[in-house]
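Okay, structure first, notes after.
Derivation of every value follows stated rules applied to the coordinates shown; laboratory data play no part. In this text the structure is predicted, and so the values were computed from the model without any measurement. Note: ideal-geometry Cβ built from the backbone for every residue, glycine included; neighbour counts use all protein chains shown.
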Amino acid sequence: MKRIFMDNASTTKVDPEVLNTMLPYFTEFYGNPSSIHAFGRDARKAVDTARVNVADLIGAKDDEIIFTAGGTESDNLAIKGISFLNKDKRATKGPHIITSVIEHPGVLETCRHLETQGFKVKYLPVDTDGIINLTDLQKSLSKNTFLITIMSANNEIGTIQPIEEIGKIAHEEISFFIPMQSKQSQNFL
Ligand SMILES: Cc1ncc(COP(=O)(O)O)c(C=O)c1O
């Protein structure tokens, strides 16, 4: 019997172009990019090129790209990083962070942990199709909201959130201080 894999929202096979590009780094250039010897330097060159390519893809600067070991680590780094940059907001009325009830545990558990640290989190419900309501999102914002963390595509049910509209709301409503980039308030998603 031919089996068909229908769970591509949870994981999917590697695109052949990605596999071919990566193969030399498993077999030939497998140095640790932090090592100072030639093997390490070759690997470092490849990581630096990848960093520039990723930055170009999303219109970022290469020093804004941080590679991590996976999703949960990325969630923690991004959410806790922004939260502790805004730690003074803990004394203010929330919500400080808005997320949804169907986020990955990497996001939900991080938000729950931040609640124990004094941050206030709003968990938006979803409709029967698993989509958040944008009016709910608008209504939930407070002047102290510094982060909206909503996944683009759900890892279990595959629903796609209206991410462009969410981004627009974030850019219009949220501003916070990024000390490393500028001395002024910046809009940030
Ligand atoms: C938002 C999010 N975070 C974390 C993960 C889990 O990733 P990892 O197993 O690399 O930690 C997933 C997986 O689908 C995810 O969608």
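For this structure, a couple of remarks:
- Using 0.36 nm per residue and subtracting the Cα-Cα separation, the extra length available between residue 1 and residue 76 on full extension is 22.8 nm.
- A cut-off of 5 Å between modelled amide H atoms, ignoring neighbours fewer than 5 places along the same chain, links residue 148 with 98.
- All C-alpha pair distances within the stretch 1-56, sorted into 10 Å bins from zero, spread as 20, 35, 26, 14, 5, 0 percent across the bins.
- Radius of gyration, Dmax [the chain; alpha carbons; angstrom]: 19.6, 63
- In this structure, residue 117 and residue 56 have a Cβ-Cβ separation that, at R0 = 25 Å, corresponds to a calculated FRET efficiency of about 0.10.
- The stretch 23-39 versus the stretch 110-181: alpha-carbon centroid distance in Å: 39 Å
- Simple spin-label estimate for residue 17 and residue 47 gives 2.5 nm between the two label positions (7 Å along the Cα-to-Cβ direction from each Cα).
- Hydrodynamic estimate: the Kirkwood radius of the stretch 71-173 over Cα pairs, inserted into Stokes-Einstein at 37 °C and 0.692 mPa s, corresponds to D of 238 µm²/s.
- Note on residue 67/residue 139: beta-carbon distance plugged into 1/(1 + (r/R0)^6) with R0 of 30 Å gives a FRET efficiency of 0.20.
- Using C-alpha pairs under 8 Å with a sequence gap of at least 6, the mean separation divided by the residue count of the stretch 16-64 gives a relative contact order of 19 percent.
- Over the stretch 41-95: Rg over Rh, Cα atoms, Kirkwood Rh: 1.15
- Dipole axis of the chain (+1 Lys, Arg; -1 Asp, Glu on Cβ), positive-most option in 27, 58, 105: 105
- Loop-located GluC sites (Glu not before Pro) in the stretch 1-110, at most 13 other Cβ atoms within 10 Å (DSSP): 28
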